[in-house]
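Here's the structure we're looking at; comments come further down.
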Amino acid sequence: MRFLICLILLGLSLTAKASPSEDFFILKPGELKFIRTPGQQFSPMTQTTCRDRIRQIMCLVKSTQNPVGTRQCLPGSESFADPVEKIYDILPEKIQKAFCGLDVIYVEEDMEALAYAGIVRQEPTKGVVGSFMGIRKILLEQAYDATSVFGWKEQKAFGIKAAPFIHMPEGPRVEVALPGSLSALQYVMIHEFGHIIDFSNKANDFVCPAGETCKLETGDMAEYQKLVPVPNSWGALSWKNAVTPKDGYHFPLWDSLCFYGCNKSLSVADVEQFYQELAPTNFVTTYAAVSPFEDFAESFTFHVLSLQGDWSYQIQTPQTAYSLDQKWKNTWDKKSWMESFYNQDLRYPTPSN
């Protein structure tokens, strides 16, 4: 997973390229290519609304693959719009606007992650000219509750492999109640829009320090660790560099934290110690501690959910219960930063199709 973080930093700092980081891609114009079904009558944004456009941008694809290259939207793509439209209807206006910037929402038959997002950008110094999202098909076929989905995901961090979306008794238990929730899709989509909004507004901003040479093209982890967060950027709150947390938040078990593509991971035996170490940090969830980008997306999701009404996110281990929604309320530095960020005039991608 650390290698994937390096790839996205390479894409950010040098030329735009296909670069996955956990669940995010950076593409350059011409790399996002798809063929709509004959039944999808596409209307430019000047002739339709963000909501009406959802049905036109759904794209069921045959196999999971890197989004670079031409992908054929299969018959029935439009039918997956219904659950997405329902989520759109309950989201705040600022998130609804982000739908306008989507070129396509891929419906993936199967993949390890729940979803992914990406942007299209010509150069790192220029604005975002398009965006896209991919969602695991099963989440659109059935309205899975958030407890089942995020409990299953949380247990992945401890090496537990189970069928979607099953809680195994040996792992931590998760209880999530979302405000006005129709399904876990609400959380998933806010999280992915968090990534898009992060990169569209440079919430996370890492630079090579003056007088330093950062040879990112070598792929050497040490080179990426030279990148430092710009003062007052999101990353400056918790991250020493683009890969590693600040000393106060770099707890012992952090080095084994991994969800996808893991060479090593935590084990069930680490559950109690892990949450004891995570609790005093300002990472609102386990996934937030993975990278500055997931840190932002998870915190953004918590902020938006808090705006929507009462909700709760609990983790239960055999010995202790942790209230993550309460932790967010008490994480003053990040909560204040996110409120200020969210209340500004946010930039959104302009769809390239």
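The values are calculated or read from the model by the stated rules, or taken from the named source; none is laboratory data. Quick caveat: nothing in here was measured; it's all calculated off a predicted structure. Using ideal geometry, Cβ is built from the backbone for each residue, glycine included, and neighbour counts are taken over all protein chains shown. Ligands, DNA and RNA are excluded from the accessible area calculation, which covers all protein heavy atoms including side chains. Shrake-Rupley method; radii C 1.70, N 1.55, O 1.52, S 1.80 Å.
Out of the residues in region 211-225 that are in a loop (DSSP other than H, G, I, E, B) and either in contact with a Lys or Arg (Cβ under 9 Å, 6 or more places away or on another chain) or free of Cβ contacts under 8 Å to residues at least 60 places away in the same chain (or both), state the one that is surrounded by the fewest Cβ atoms within 10 Å (Cβ to Cβ).
Only one residue tops the list, namely Gly211.
Specify the residue that is farthest from Ala143 (Cα to Cα); the eligible residues are those in region 73-105 that are out of contact with any strand residue (DSSP E or B) (no Cβ under 8 Å at 6 or more places or on another chain) and of a type in the set (Phe, Trp, Tyr).
It comes out as Phe99.
Output the residues belonging to region 51-64 that are open to solvent by less than 50 Å² (accessible area, probe 1.4 Å) and either at pLDDT below 90 or touching a strand residue (DSSP E or B) at 6+ places or on another chain (Cβ under 7 Å) (or both).
Ile57, Met58, Cys59, Leu60, Val61, listed by residue number.
Taking Cys262, is it assigned to a loop (DSSP other than H, G, I, E, B) and open to solvent by 50 Å² or more (accessible area, probe 1.4 Å)? Give the derivation first.
Values: assigned to a loop (DSSP other than H, G, I, E, B): yes; open to solvent by 50 Å² or more (accessible area, probe 1.4 Å): yes.
It is true that Cys262 is assigned to a loop (DSSP other than H, G, I, E, B) and open to solvent by 50 Å² or more (accessible area, probe 1.4 Å).
Please report, ordered by residue number, the helices (runs of 4 or more DSSP H) entirely within region 266-330 with at least 2 residues that are over 18 Å from Leu178 (Cβ atoms) and under 20 Å from the mean Cα position of the chain (by Cα).
Because the criterion is at least 2 residues that are over 18 Å from Leu178 (Cβ atoms) and under 20 Å from the mean Cα position of the chain (by Cα), the helices (runs of 4 or more DSSP H) in region 266-330 that meet it are 292-308.
If I ask for residues that are in contact (Cβ under 8 Å) with a residue 24 or more places away in the chain, among the acidic types (Asp, Glu) and within 19 Å of Tyr313 (Cβ to Cβ), which ones from region 324-353 would you list?
Answer for region 324-353, where residues must be in contact (Cβ under 8 Å) with a residue 24 or more places away in the chain, among the acidic types (Asp, Glu) and within 19 Å of Tyr313 (Cβ to Cβ): just Glu339.
Of everything in region 233-255, what is among the β-branched types (Val, Ile, Thr) and modelled with pLDDT of 95 or more? Give them in sequence order.
Within region 233-255, none qualify.
Inspect region 80-90 for any residue being under 21 Å from the mean Cα position of the chain (by Cα), among the β-branched types (Val, Ile, Thr), farther than 29 Å from Arg347 by Cβ and open to solvent by 10 Å² or more (accessible area, probe 1.4 Å) and give the result as yes or no.
No, the conditions are met nowhere in region 80-90.
Could you list all residues from region 145-182 that are among the aliphatic types (A, V, I, L, M) and part of a loop (DSSP other than H, G, I, E, B)?
Ala157, Ile160, Ala162, Ala163, Ile166, Met168, Leu178, Leu182, listed by residue number.
Which one of these is open to solvent by less than 60 Å² (accessible area, probe 1.4 Å) and closer than 17 Å to Ser291 by Cα: Ala157, Ala146?
Ala157
Condition first: closer than 19 Å to Lys153 by Cα, open to solvent by less than 50 Å² (accessible area, probe 1.4 Å) and not in a loop (DSSP other than H, G, I, E, B). Now tell me which residues in region 241-259 satisfy that. I'd like the intermediate steps shown before the answer.
Pass one, region 241-259, residues closer than 19 Å to Lys153 by Cα: 253-259.
In the following step, the residues that additionally are open to solvent by less than 50 Å² (accessible area, probe 1.4 Å) were identified as 253-254, 256-259.
Listed by number, the residues that qualify are Leu253, Trp254, Ser256.
Can you tell me which of Gly180, Gly171 is in contact (Cβ under 8 Å) with a residue 60 or more places away in the chain and surrounded by fewer than 16 Cβ atoms within 10 Å (Cβ to Cβ)? Even if it seems obvious, please write down each step before you answer.
Details: Gly171 fails: surrounded by fewer than 16 Cβ atoms within 10 Å (Cβ to Cβ).
The conditions single out Gly180.
Test Val230 against the criterion of being hydrophobic (A, V, I, L, M, F, W, C) and at pLDDT 95 or above, and give yes or no.
yes
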